[in-house]
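Below is one structure, written out as structure tokens; comments come after it.
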Amino acid sequence: MFNKSTHDIAASFSRRGVLAATAGLMLGLASLTGAKAADDTIKVGVLHSLSGTMAISETTLKDTILFLIDEQNKKGGVLGKKLEAVVVDPASNWPLFAEKARELITKNKVSVVFGCWTSVSRKSVLPVFKELNSILFYPVQYEGEESERNVFYTGAAPNQQAIPAVDYLMKDEKVKRWVLAGTDYVYPRTTNKILEAYLKSKGVAQEDIMINYTPFGHSDWQTIVADIKKFGSAGKKTAVVSTINGDANVPFYKELGNQGIKAKDIPVVAFSVGEEELAGIDTKPLVGHLAAWNYFQSIKSPENEKFIKAWQAYTKNPKRVTNDPMEAHVIGFDMWVKAVEKVKSTDPDKVIDALPGIEAKNLTGGTSKMLPNHHITKPVFIGEIKGNGQFDVVWKTPSLVPGDAWSKELDGSKDLIGDWVGKKCGNFNTKTNKCLGSGS
Amino acid sequence: MPAHLSARLCSLALSLFLIAFALPAFAGPFEDAVAKFANDDFSDTEEAIGVIAGSGSKLAFPIINALQNGRLMADPDSKKVYVTDADGKSIDAATGEAVASVPDSATAVRLNNRLRRSVDAALGSLTLQSPDVGTRLQAAQSVFKSHEETALEAVDAALAKEANKSVKAALGEARAAILLFKSDATEVEKLEAVATLKARGDQDALALLTGMGDQPASVTKAAASAIGSIQNSLAVWSMVQNAWYGLSLGSVLLLAAIGLAITFGVMGVINMAHGEMVMIGAYTTFVVQEVIRTRYPGLFDYSLLIAVPLAFLVAGAIGVLIERSIIRFLYGRPLETLLATWGLSLVLQQAVRTMFGPTNREVGNPSWMSGAFELGQITITYNRLWILLFTLAVFAILLAMLRYTALGLEMRAVTQNRRMAASMGIATSRVDALTFGLGSGIAGIAGVALSQIDNVSPNLGQSYIIDSFMVVVFGGVGNLWGTLVGAFTLGIANKFLEPVAGAVLGKIAILVLIILFIQKRPRGLFALKGRAVEA
């Protein structure tokens, strides 16, 4: 809903005013009470599920933040103070995410929160971060269509993952026919909407696109794999673009392997399959299938080698893998530290204003920059699955790609930009020169 | 191709080469092409494959074969390329001379999907006359897939010499595929090609016929009728395929539900921790495979056979423990049982998560459970087939146990009339514990089988608990045959709905149908009559 009447806008503005006033009041109270408690340390909130369905992915991110804090403290902390992690477990329960976020900010007085994985958990905590005016670093690739003042998106927007992957398949593998397969929730649906529009703009006909959704945790892939095989036998090179969610991937790939669909016949490019997911399967039948990420463990750079070494030493596991969202946390954490040191304060307003423009080295040898729309610049890599569960990079973008908060492919959002520096607005319409304000 | 064979071919080719050209290195297009492998550039590699495959050199096969197997090493510094074999012997790819060792800076030449296709095509035309039947067949199929004009000569030559019937047929199909796409082939040749592909009648043939582009009118017409007839036969096969998928899904549902048919169906305990017993069985398989991998790698193919009794014992023991410590205090209080077992399921999940970590654990498929075979135009995967057979075996054993053993008799007696059974001298509380243990143990066995097709993660059980209850309730509580019929009905209905409605809607439709059915027949397909129902 992007077309709001002026009345609505006025209403939402005044509502925002009240909100801001309350938030200010609470902040004042918070700083009064918090002053004596947390003088010696700076608290960092970690909001990742450690139990329930999402624990499989999020536990590693909790460990990553603890590791980064540990490293930073070895260097003397920030502003002469030690960092202290406050870890909570929202248990893969979306309303609980909001509750735990509130607890972190009001009770534990954290200066910043690193957390969330699914989009629905992020949407659940958004009002809390706005109301209490705190900072969230969100490290996972997501569907875009959002730019909030209190959130910094260090994962990929669709134009930093999905679109380059499709470009690669079109140019290098000469793919003419597309299966867009995904789990049935907001990220795959929005991404596929963007991809469908993009493919059509490139002249792909409707009958050459097959869209397929499956429930969470789908385990019986026989019919769908057979359908893909059938769709692929129309005499045109076919590829599968997969937004299938982590857990359902293992049976999906097993079925592909068992039914003998090889990457050289019908390649699958996935946006949610990384080193961590592959750790649970025998990858030999999958060699050649693709994944698009902004980071791979196998990328050779001095930064990456150093990071992997330190991480494996920290976790005391020489086989522990690294993955893309971990790198996003590494970049986000570094940016936050730099911003805090720049303004010599952990005050959220000051840090939020300081963050755009901050640069941090990413692990693949480049330098990522925080943009005014609170997204970052990232390189895009296409990796092929190898027999040992790692990826071999077969293609990368020539330079870093800036993240688009609003997709250029969708009618509803192509005129919108997020700009928290000049326009102080997350959804500024460049055609009408108006800010749509909150609530969209 | 087996490694020892390719190694032998390598050395054979090498010695032939050395006899034929006992000359020092000479520069030419072949050597230039070989040096291109060292550039680590996909386009250069592709060019090199083309030149080498067409060079006629005796080294072409060993080089390209090594490339496919990741044994072609290139040194970016010296631009030298080496063919290595499994025994650690290596030769210089440009000259064929044996070298003592490959420098450390050399790395395997990388491939991507496009290159893998060119390698397949090149190897195909190079091995069309291999002495091994399997290799020849594979070669003919590779040529069929790539159908490049350049291979036509090699196919014709091989066809003239070929004696084996199936290889001959495959070569004929490969020839047809090439001719169909060859611009200067005669109309007669093309019509013959269409007929050959029509006889093949599978999806690959369909793909070639639909993608052949501009053709003379008569060929287009013949192709259209061939496409029609192939599509018709494939449509019939797709019904068969759906039925098979339905049976397979039904067997998974049955396997997951069969333990619950005991604990919930026979004992009446609403056991929400049933899924976790399945999960424990899967983790037992993981532990067994870990031990085998580290200590006795030769036993890997037997890992599942070892895991089945172990999973039964582990899950069964935990089941007895749960019954003795929690459930026996809650008989007759279904709501409290439900809450207690649900809480227990969370405890078990978190315990496993703490012990084994939150991420998926790798449980491998033994060789006899990997891959698939073609039956007519459908693909039947071995793991699904074995699970179906395994499920039926478990079901038969359980049925026999309840009917023919003393314990089975006691179980039936206790569930039908507890007081009467007690007064006949049956230790009812012991029977309760054993029955619950049996149900849990069977859930554990199910876990062994499910570890082959699903994630082994702490959440494994959650995804089966709803389906299991659905099957038991739909089939009729307390009736094992009802569970069997219920599982296969739901499986088949689901798989016939899925292609029409999609996976998400299909599942919803099944749920709605079950709700309607339960409204009409609250006791499921096969209702038990008598005291047990009232109790």
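Residues considered: B:Leu191, B:Leu208, B:Leu197, B:Leu180. Of these, the only one that is touching a residue at least 40 places away in the same chain (Cβ under 8 Å) and aliphatic (A, V, I, L, M) is B:Leu208. Whenever a residue of region B:347-364 is part of a loop (DSSP other than H, G, I, E, B), its partners that are charged (D, E, K, R) and modelled with pLDDT under 90, lying with C-beta atoms within less than 6 angstrom and at least six residues away or across chains, give the pairs B:Gly364/A:Asp282.
What about B:Leu505, is it more than 14 Å from chain A (Cβ to nearest Cβ) and more than 22 Å from B:Leu338 (Cβ to Cβ)? Against the criterion (more than 14 Å from chain A (Cβ to nearest Cβ) and more than 22 Å from B:Leu338 (Cβ to Cβ)), B:Leu505 does not qualify.
Condition check ((1) surrounded by 22 or more Cβ atoms within 10 Å (Cβ to Cβ); (2) in a helix (DSSP H, G or I)) across all residues:
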| site | (1), (2) |
| --- | --- |
| A:Leu180 | yes, no |
| A:Tyr187 | yes, yes |
| A:Lys193 | no, yes |
| A:Tyr213 | no, no |
| A:Phe216 | no, no |
| A:Ala234 | no, no |
| A:Ser242 | yes, no |
| A:Val250 | yes, yes |
| A:Lys254 | yes, yes |
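Of the numbered conditions (1) more than 24 Å from B:Ile230 (Cβ to Cβ); (2) over 27 Å from the mean Cα position of the chain (by Cα); (3) not acidic (Asp, Glu), B:Leu179 satisfies every one except a single condition; which is it? Failed condition: (1).
Restricting to region A:64-88, count the residues that are out of contact with any strand residue (DSSP E or B) (no Cβ under 9 Å at 6 or more places or on another chain) and not in a helix (DSSP H, G or I). Matching residues across region A:64-88 total 2. Restricting attention to region A:383-417, the residues that are in a strand (DSSP E or B) and under 17 Å from the mean Cα position of the chain (by Cα) total 2. Across region B:298-333, which residue is surrounded by the fewest Cβ atoms within 10 Å (Cβ to Cβ) among those that are of a type in the set (Val, Ile, Thr) and more than 17 Å from B:Thr263 (Cα to Cα)? Filtering region B:298-333 for residues that are of a type in the set (Val, Ile, Thr) and more than 17 Å from B:Thr263 (Cα to Cα), the one surrounded by the fewest Cβ atoms within 10 Å (Cβ to Cβ) comes out as B:Ile306. List the pairs whose first member sits in region A:313-333 and is at negative phi and surrounded by 18 or more Cβ atoms within 10 Å (Cβ to Cβ), whose second member is in a loop (DSSP other than H, G, I, E, B) and small (Gly, Ala, Ser), and whose Cβ atoms are under 7 Å apart, counting only residues at least 6 apart or on separate chains? Close Cβ pairs (under 7 Å, with a partner that is in a loop (DSSP other than H, G, I, E, B) and small (Gly, Ala, Ser)) amount to A:Val321/A:Ala279; A:Asn323/A:Gly274; A:Asp324/A:Gly274; A:Pro325/A:Gly155; A:Ala328/A:Gly155.
Rundown of residues vs (1) within 13 Å of another protein chain (Cβ to nearest Cβ); (2) of a type outside the set (D, E, K, R), yes/no style:
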site	(1), (2)
B:Asp432	no, no
B:Phe436	no, yes
B:Gly439	no, yes
B:Ile442	no, yes
B:Val448	no, yes
B:Ile453	yes, yes
B:Gly461	yes, yes
B:Tyr464	yes, yes
B:Ser468	no, yes
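If the condition is being more than 19 Å from B:Arg200 (Cα to Cα) and of a type in the set (Val, Ile, Thr), then region B:123-173 contributes B:Thr127, B:Val133, B:Thr135, B:Thr150. Among the residues of region B:367-398, those identified as aromatic (Phe, Trp, Tyr) and over 14 Å from the mean Cα position of the chain (by Cα) are B:Phe390, B:Phe395.
With respect to (1) at pLDDT 95 or above; (2) touching a Ser or Thr at 6+ places or on another chain (Cβ under 9 Å), the lone exception for A:Ile299 is condition (1). Among the residues of region A:251-267, those that are within 21 Å of A:Lys174 (Cβ to Cβ) and facing another protein chain (nearest Cβ under 7 Å) comprise A:Ala263, A:Lys264, A:Pro267.
Comparison of B:Thr107, B:Thr95 shows that the only residue that is within 40 Å of the chain's Cα centre (by Cα) and either more than 17 Å from B:Ile49 (Cα to Cα) or β-branched (Val, Ile, Thr) (or both) is B:Thr107.
Scanning region A:394-440 for residues being closer than 18 Å to A:Val380 by Cα and of a type in the set (A, V, I, L, M) gives a total of 4. Quickly run through region B:312-346 and pick out the residues that are not in a helix (DSSP H, G or I) and not aromatic (Phe, Trp, Tyr). If the condition is that a residue be not in a helix (DSSP H, G or I) and not aromatic (Phe, Trp, Tyr), then B:Ile326, B:Gly332, B:Arg333 are the ones that fit. Entry remark, region B:370-388: residues being within 29 Å of B:Gly201 (Cβ to Cβ), in a helix (DSSP H, G or I) and more than 8 Å from every other protein chain (Cβ to nearest Cβ) number 3 in total. Comparison of B:Arg430, B:Arg412 shows that the only residue that is of a type in the set (D, E, K, R) and either at pLDDT below 90 or in contact with a Pro (Cβ under 8 Å, 6 or more places away or on another chain) (or both) is B:Arg412.
Scanning region B:180-189 for residues that are among the hydrophobic types (A, V, I, L, M, F, W, C) and part of a helix (DSSP H, G or I) returns B:Leu180, B:Phe181, B:Val188.
Among the numbered conditions (1) within 7 Å of chain B (Cβ to nearest Cβ); (2) in contact with a Gly (Cβ under 7 Å, 6 or more places away or on another chain), the only one that A:Asn192 does not meet is (1).
Scanning region A:90-116 for residues that are out of contact with any strand residue (DSSP E or B) (no Cβ under 9 Å at 6 or more places or on another chain) and in contact (Cβ under 8 Å) with a residue 40 or more places away in the chain yields A:Ala91, A:Ser92, A:Asn93, A:Thr106. In region B:40-65, of all residues being without any contact (Cβ under 8 Å) to a residue 24 or more places away in the chain and either assigned to a helix (DSSP H, G or I) or hydrophobic (A, V, I, L, M, F, W, C) (or both), the one that is surrounded by the most Cβ atoms within 10 Å (Cβ to Cβ) corresponds to B:Ala48.
Listed residues A:Gly422, A:Gly389, A:Gly403, A:Gly418; which is surrounded by fewer than 20 Cβ atoms within 10 Å (Cβ to Cβ) and among the small types (Gly, Ala, Ser)? The unique qualifying residue is A:Gly422. Output the number of residues of region A:182-193 satisfying the condition of being within 18 Å of A:Val268 (Cα to Cα) and either in contact with a Lys or Arg (Cβ under 8 Å, 6 or more places away or on another chain) or among the β-branched types (Val, Ile, Thr) (or both). Final tally of qualifying residues: 3. Mind checking whether some residue in region B:490-504 is surrounded by fewer than 23 Cβ atoms within 10 Å (Cβ to Cβ), closer than 16 Å to B:Ala257 by Cβ, free of Cβ contacts under 8 Å to residues at least 24 places away in the same chain and not polar (S, T, N, Q)? No, every residue in region B:490-504 fails to be surrounded by fewer than 23 Cβ atoms within 10 Å (Cβ to Cβ), closer than 16 Å to B:Ala257 by Cβ, free of Cβ contacts under 8 Å to residues at least 24 places away in the same chain and not polar (S, T, N, Q).
The values are calculated or read from the model by the stated rules, or taken from the named source; none is laboratory data. From a predicted model like this one, the values you see are computed outputs, not experimental measurements. A quick note on method: Cβ atoms are made from the backbone with ideal geometry, for glycine too, and the neighbour counts reach across all protein chains shown.
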